[in-house]
């Protein structure tokens with residue numbers, strides 16, 4: 001189809017006859033009228049027809065007419081800034097109008113999500129938009145000297161593609177494929193290697209042999225500009241896709257590219273973290289953890305940011321949802337290293353050591369562990385305990401009474417089929433004995449009684465697999481061996497009195513592995 005015939009079909013020519021190419025309208029005028037038609041379309045069928053013709057326009061039109069900036073760049077080095085800005089504004093407006101044809105409906109409040117039926121028409125709207133934008137990017141990418149124009153439209157296109165290539169209620173398999181093709185077209189147009197390169201650009205390249213290499217610019221700042229109006233406290237929850245696009249963007253930006261954008265990345269993450277809906281809360285914790293891991297400690301401590309994050313995460317320790325507590329504890333563990341030195345790294349002092357945030361977290365965790373009966377939560381707490389004891393070092397002595405009650409309580413309760421809680425508690429006990437062995441001597445009898453009972457129970461538990469039973473008995477034997485070392489070998493005469501009348505041959509074989517070697 002000739003361009004003049006296409007313009008005539010679009011009713012954009014000044015006469016009823018097809019226009020010859022010399023009388024083509026200025027591209028900025030054409031783009032403005034296309035935008036008006038897209039916004040004013042009265043039905044989906046009219047919109048889809050118009051979008052299809054826009055796609056053909058980018059496929060068959062002369063690039064020198066579509067992008068006069070590129071042709072001027074080859075002829076006139078002193079391009080007019082006003083003309084360049086007008087062209088960028090016209091293309092940006094057209095891209096926004098195309099994207100608006102597949103805009104998601106908004107929720108009326110933050111208490112519930114829209115039903116799937118509300119998104120029923122979105123996939124069939126998104127597919128032609130993806131095709132038109134892909135055609136635009138294909139022509140733009142093959143035309144040199146248009147980096148500024150590409151950077152102007154890339155953020156909006158990327159937000160649209162990310163919105164529609166995720167498996168959500170507003171997408172279908174075909175619309176997701178179309179959005180994925182659009183994302184690939186965007187990467188090709190800007191010669192970006194992958195999505196992180198698209199977002200961050202060449203952050204590691206510097207001067208080489210006295211000449212500065214040409215760097216690819218990232219668009220994370222532009223994406224945040226697009227999302228910012230929708231990320232306000234009272235409006236971010238109205239569009240389901242906003243939080244997903246924000247999280248997709250944040251989780252791919254690493255150091256050192258993250259720090260310059262921290263003032264705009266941190267507030268939305270805190271908003272998600274504070275939301276009452278569990279999925280939003282978990283997403284917020286993931287975002288905060290990524291920020292903690294990819295931001296220099298000095299930047300986090302600046303303006304008291306680390307303390308704000310700490311308070312936002314600490315309150316999650318009072319919830320009863322394992323899916324929230326597990327990532328919150330993991331994030332807190334990394335954040336505490338930003339806020340203070342780990343107690344195990346502090347030099348011994350004659351003066352009493354002041355309690356710190358590590359103590360606050362461990363004290364609250366142990367308190368909750370004592371009364372916890374939910375299996376999922378017990379596993380989360382038990383898994384978090386060993387690395388925390390490593391972090392505490394000798395400072396764990398401040399919590400030995402609570403820790404002892406937790407160990408005794410958790411070893412008495414089965415946790416089939418993997419026995420995660422018991423195994424992690426045995427690991428925590430070994431670390432405690434190794435670290436605080438002078439304070440364990442008075443607790444040897446109580447702990448030994450519990451460990452021997454555990455050996456007997458495990459050896460006779462037919463519901464356990466052989467591998468789990470063997471691991472439990474091995475870990476229990478190591479704990480008894482450590483207690484024997486703490487007691488200067490005084491347990492061995494007692495253990496030698498155990499015979500086949502007291503326990504099975506399996507238990508006896510494990511007890512014989514305990515030697516006079518002490519572990520402190």
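With angles folded into 0 to 90 degrees, how steeply does helix 400-412 sit against the dominant principal axis of the chain? Use alpha carbons for both and round to 10. Taking the Cα atoms of the chain, the angle to 400-412 is about 90 degrees.
Under the rule a/c < 1.5 gives rounded, and otherwise a/b versus b/c splits prolate from oblate, where does the chain land using the Cα gyration tensor? Because a/c hits 1.5 or more and a/b exceeds b/c, the chain counts as prolate. Semi-axes of the equivalent ellipsoid for the range 254-304, computed as √(5λ) from the eigenvalues of its C-alpha gyration tensor and ordered from largest down, come to 21, 11, 9 Å. Label-to-label distance for residue 376 and residue 314 is 2.7 nm, based on points extended 7 Å past Cα in the beta-carbon direction. Over every Cα atom in the range 145-296, the radius of gyration and the widest Cα-Cα span, Dmax, amount to 16.2, 55 Å. Protection proxy ranking, highest mean first, for peptides 367-373, 161-167: 161-167, 367-373, where packing is the per-residue count of other beta-carbon atoms within 10 Å, averaged. Look at the alpha carbon pairs under 8 Å that are at least 6 residues apart: their mean separation over the length of the chain gives a relative contact order of 8 percent. In terms of packing, defined here as the mean over residues of other Cβ atoms within 10 angstrom, the peptides 382-390, 312-320 line up highest first as 382-390, 312-320.
Which of the three applies to the range 227-322, rounded, prolate or oblate, going by the alpha-carbon gyration tensor with a ≥ b ≥ c and a/c under 1.5 meaning rounded? The shape class here is oblate.
Please compute the length gained on full extension between residue 108 and residue 49, using 0.36 nm multiplied by the number of residues separating them and subtracting their Cα-Cα distance.
Working it through step by step, the gained length comes to 18.1 nm.
From its DSSP helices (H runs of at least four residues, each -39,500 (n - 2.57)), the chain gives a residue-normalised ellipticity at 222 nm of -20000 deg cm²/dmol.
Identify the residues of the range 362-380 with backbone N under 17 Å of a label point that sits 7 angstrom from the Cα of residue 439 along the Cα-to-Cβ direction, or state none. The answer is 362-367. Compared with the dominant Cα axis of the chain, that is its longest principal axis, helix 173-190 is turned about 80°.
Hey, what angle do you get for helix 147-165 against the long axis of the chain, alpha-carbon based, 0 to 90 degrees rounded to 10? Approximately 60 degrees, to the nearest 10.
When only alpha carbons are used to place a centre, the range 234-284 and the range 403-471 end up 41 Å from one another. If the chain between residue 512 and residue 65 were fully stretched, how many nm would it gain, using 0.36 nm times the residue separation less the Cα-Cα distance? Stretched out fully, the residue 512 to residue 65 stretch lengthens by 152.0 nm.
Peptides 471-484, 126-139 ordered by packing proxy, namely the average of other Cβ atoms within 10 Å per residue, highest first: 126-139, 471-484. For residue 466 and residue 33, the difference between the fully extended length at 0.36 nm per residue and the C-alpha to C-alpha distance is 148.4 nm.
For the range 141-194, what is the convex hull volume of the alpha-carbon atoms per residue, in Å³?
So the per-residue Cα hull volume is 70 Å³.
Is the shape of the range 293-356 best called rounded, prolate or oblate, per the rule: a/c under 1.5 gives rounded, else a/b larger than b/c gives prolate, else oblate, with a ≥ b ≥ c the square roots of the Cα gyration tensor eigenvalues? Because a/c hits 1.5 or more and a/b fails to exceed b/c, the range 293-356 counts as oblate.
Values in this text are rule-based calculations from the coordinates and carry no lab data. Computed from a predicted structure; not experimentally measured. Every residue, glycine among them, receives a Cβ derived from its backbone with ideal geometry; neighbour counts consider all protein chains shown.
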